[in-house]
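Novice: Could you have a look at this structure, given as structure tokens, before my questions?
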Amino acid sequence: MEHTLTRRELARLITRIENGERGAQDALNALYPRAGNARIVGVTGAPGSGKSTLVAEMARALRGQADPPRVAIVAVDPSSPFSGGAILGDRIRMRDLHGDAGVFIRSMASRGALGGIAAATADVVTVLDASGYQMILIETVGAGQLEVDVARIAQSVIVVEAPGAGDEIQAVKAGILEIADIVVVNKADREGAAQTVSALKSALELAPVGAGHHGAHAGPAAPAGHPSYQWQTPIVKVSALNREGIAELLDALRRHAEALAAGGEGERRRRRQIEADIQARLREMLLQRALHAVARADYQQVLADAGRRALHPAEAARRLLETLQP
Ligand SMILES: Nc1nc2c(ncn2[C@@H]2O[C@H](COP(=O)(O)OP(=O)(O)O)[C@@H](O)[C@H]2O)c(=O)[nH]1
Ligand SMILES: [Mg+2]
């Protein structure tokens with residue numbers, strides 16, 4: 001793996017990662033030491049909030065800069081226009097990105113990858129990073145839909161909210177504001193954007209500042225905000241459709257990168273993410289090993305007992321574990 005991967009090779013490798021093919025791990029092992037240079041940004045929020053449009057406009061703006069970075073977009077969203085589920089206007093919008101050799105766009109399918117789509121996404125990001133993509137934008141549907149905790153992969157997380165619908169803010173309901181480094185109120189061209197901004201402002205004031213939540217759900221010790229990390233989650237008004245506020249958003253991202261670097265917070269986050277990643281993969285491997293080792297009859301027995309409510313699921317799991325002990 002001395003040479004840089006061509007787009008075609010990259011696309012093939014990603015497919016092999018998605019499919020959980022064994023050989024893909026050898027490629028990942030070889031590429032891993034070469035990764036670590038990319039800026040990795042997660043973009044999350046409710047379906048329809050405008051994440052795909054926003055990500056496309058971010059990519060376009062980045063590619064329009066002097067000495068533009070190579071940009072990769074990873075969409076973990078089955079309804080994403082990147083996956084072909086676009087309405088016509090969106091497709092036209094994506095077209096010039098598709099023609100840019102400095103942009104790589106990929107949507108993730110959640111096929112049989114061991115450890116699921118979260119591990120596969122992390123691996124795809126590693127491959128893109130090692131292949132010289134300097135900015136990697138990951139679009140994921142917000143909490144509860146696809147269980148990709150983008151905070152476990154990204155250096156900076158953008159939570160996208162759009163005005164309208166109910167007065168209840170999606171991000172607050174879903175609790176994803178907790179992982180936000182930057183909040184975007186998209187569709188600022190629409191009525192109610194100012195109200196959404198002030199509602200989000202109050203919600204953010206109630207949340208702890210710079211709490212360093214990344215990887216916090218993971219189990220490994222996630223220390224509360226390090227005193228050297230100074231960051232107030234900004235709210236940026238954007239109209240991705242009208243290409244307004246994109247420069248301000250990129251500026252907020254740049255400032256966040258500086259804040260992460262300043263007090264060593266970026267490195268602390270990275271270590272926590274790696275620990276969480278190892279634990280998640282270990283959990284998956286242990287599960288596979290246990291399922292493999294358990295006797296089929298024992299397994300069917302506890303399933304049946306639990307099914308007729310004679311056995312609590314926790315007790316069922318404990319019994320299976322006991323059969324494995326020498
Ligand atoms: N009015 C308005 N519509 C937008 C804006 N951004 C996206 N949209 C529209 O909102 C819809 C959903 O956008 P999409 O990017 O697919 O959202 P996603 O599901 O979060 O990825 C599409 O019809 C977009 O054209 C915006 O800034 N203003
Ligand atoms: Mg989308």
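The values are calculated or read from the model by the stated rules, or taken from the named source; none is laboratory data. Because the structure is a prediction, the values reported are computed rather than measured. When we count neighbours, we look across all protein chains shown, and the Cβ atoms used for this are built from the backbone with ideal geometry, even at glycine.
Novice: Is it fair to say residue 59 is within 16 Å of ligand 2 (Cβ to nearest atom) and more than 16 Å from the chain's Cα centre (by Cα)?
Specialist: yes
Novice: Which residue pairs have Cβ atoms closer than 8 Å, lie 6 or more positions apart in sequence or on different chains, and pair a first residue in region 92-117 that is within 13 Å of residue 72 (Cα to Cα) and at pLDDT 80 or above with a second residue that is of a type in the set (A, V, I, L, M, F, W, C) and loosely packed, with under 15 Cβ neighbours inside 10 Å?
Specialist: 106/11
Novice: Can you tell me which of 180, 194, 154, 165 is small (Gly, Ala, Ser) and modelled with pLDDT under 85?
Specialist: 165
Yes or no, residue by residue, for (1) within 16 Å of ligand 1 (Cβ to nearest atom); (2) surrounded by fewer than 12 Cβ atoms within 10 Å (Cβ to Cβ); (3) at pLDDT 95 or above; (4) over 26 Å from residue 33 (Cβ atoms):
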residue	(1), (2), (3), (4)
204	no, no, no, yes
208	no, yes, no, yes
215	no, no, no, no
224	no, yes, no, yes
234	no, no, yes, yes
249	yes, no, yes, yes
255	no, no, yes, yes
262	no, no, no, yes
279	no, no, no, no
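Novice: So, residue 77, is that one at pLDDT below 55 and within 16 Å of ligand 2 (Cβ to nearest atom) or not?
Specialist: Taking the combined requirement at face value, the residue does not satisfy it.
Novice: Taking only region 39-80 into account, find how many residues are part of a strand (DSSP E or B), more than 10 Å from ligand 1 (Cβ to nearest atom) and closer than 20 Å to residue 134 by Cβ.
Specialist: 8
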